[in-house]
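See below for the structure under consideration.
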Amino acid sequence: MGFKEVKTGYRGSKSQDTVDLSPVCATAWFDWKDGNEEAEDRSCLFVSIEEGMLVVGGKEPIGVTVKDSSAFYPGAQKVALNGVVMVKSDVSSEQLSVSTSSGKKLFVSQLTGKLESKRKFGSKKQGFLVLGYRESPGSVKVKVIL
């Protein structure tokens, strides 16, 4: 399938759960390394590239997966490469409230692709400031800038 970059101007013209009014958000389609044969919803997770294909988490995240109903098969996923995005979190809403007011950063889990309150696995990333958050069934989603 390869890499195809699409520039989109999200200004409320398209309802998106994971991209929030970023002036220009670069997105690209990638194939999942495991093929996502279970058709699992993997939106709102940090992802990396291994052997030219997408994996959840990883050492060098390239972006956050975007939920897109136009996906033509579950083995492909759209990824936001920059902009303001919503990401799944393993942090409680109480902890996020403190992080938001104190400016404390969250870090990407290499295993789950979600944001955590503590840096693990010696990540070189500086972390992400919380711009906002909302609770959703089964998780808390956090708004960050890529």
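Every read-out reported here was derived from the displayed coordinates using simple, explicitly stated rules and does not represent laboratory data. A quick note: this is a predicted structure, and the numbers were derived from the prediction, not measured. Methodologically, a virtual Cβ is constructed for each residue, glycine included, from the backbone with ideal geometry; neighbour enumeration extends over all protein chains shown.
A Förster distance of 25 Å, applied to the separation of the beta-carbon atoms of Ser70 and Leu129, puts the FRET efficiency at 0.20. Modelled this way, with points 7 Å down the Cα-to-C-beta line, the labels at Glu40 and Met53 are 1.4 nm from one another.
Which FRET efficiency value, to the nearest 0.05, is calculated for Leu81 and Glu60 with the Förster distance at 22 angstrom and r the Cβ-Cβ distance? That gives a FRET efficiency of 0.95.
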